[in-house]
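Inspection log for the structure reproduced underneath, given as structure tokens.
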Amino acid sequence: MKVGPVVRTAAQAAKIAVKYGPQAKIAWDNGGKQAAARATKRAKTLNARRRAFAHAAGVVEGTVLKIAPSGSTVYVVFTGERPIAAYPPQDLPFSALLEHADLSRRMPAVPAEPSTTSLKKLPRPVRRKK
């Protein structure tokens, strides 16, 4: 391994770090922390959604309703017409959570059956001899 190119690359990286380091720190302080907070919030929402649909898939006639009672997304799991759980867990009772919710917007936990056309039923392409 040649040492020359490695040393040049390391020296160039050091120069860039000294030159732009303070600007990078200011940019991180202004925007990076907010972006990290948003990414964390989004990950928590997706985790709550996955947990709600997994719970609803394990109950009879399981459905999930997405609501936003206080600006944060909450997924309420139903069995039939009765709410049984909320993800993430909430301190409010279900009656307060669902007071202004449109219950007709509930989503079934089990995805719809795939269409009748599947790849196995499609004709195979014809190969032509050269």
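If I filter the range 49-68 down to residues being more than 21 Å from H100 (Cβ to Cβ) and among the small types (G, A, S), which single residue comes out as surrounded by the most Cβ atoms within 10 Å (Cβ to Cβ)? Checked the range 49-68; the qualifying residue surrounded by the most Cβ atoms within 10 Å (Cβ to Cβ) is A56. Test of understanding: among Y87, Y20, which residue is under 25 Å from E99 (Cα atoms) and of a type in the set (S, T, Y)? Result of the check over Y87, Y20: Y87. The set of residues in the range 69-93 being part of a strand (DSSP E or B) and exposed (fewer than 13 other Cβ atoms within 10 Å of the Cβ) consists of R82 alone.
Each value in this text was obtained by applying a stated rule to the coordinates, not by laboratory testing. Since this is a predicted model, take the numbers as computed values, not measurements. Every residue, glycine among them, receives a Cβ derived from its backbone with ideal geometry; neighbour counts consider all protein chains shown.
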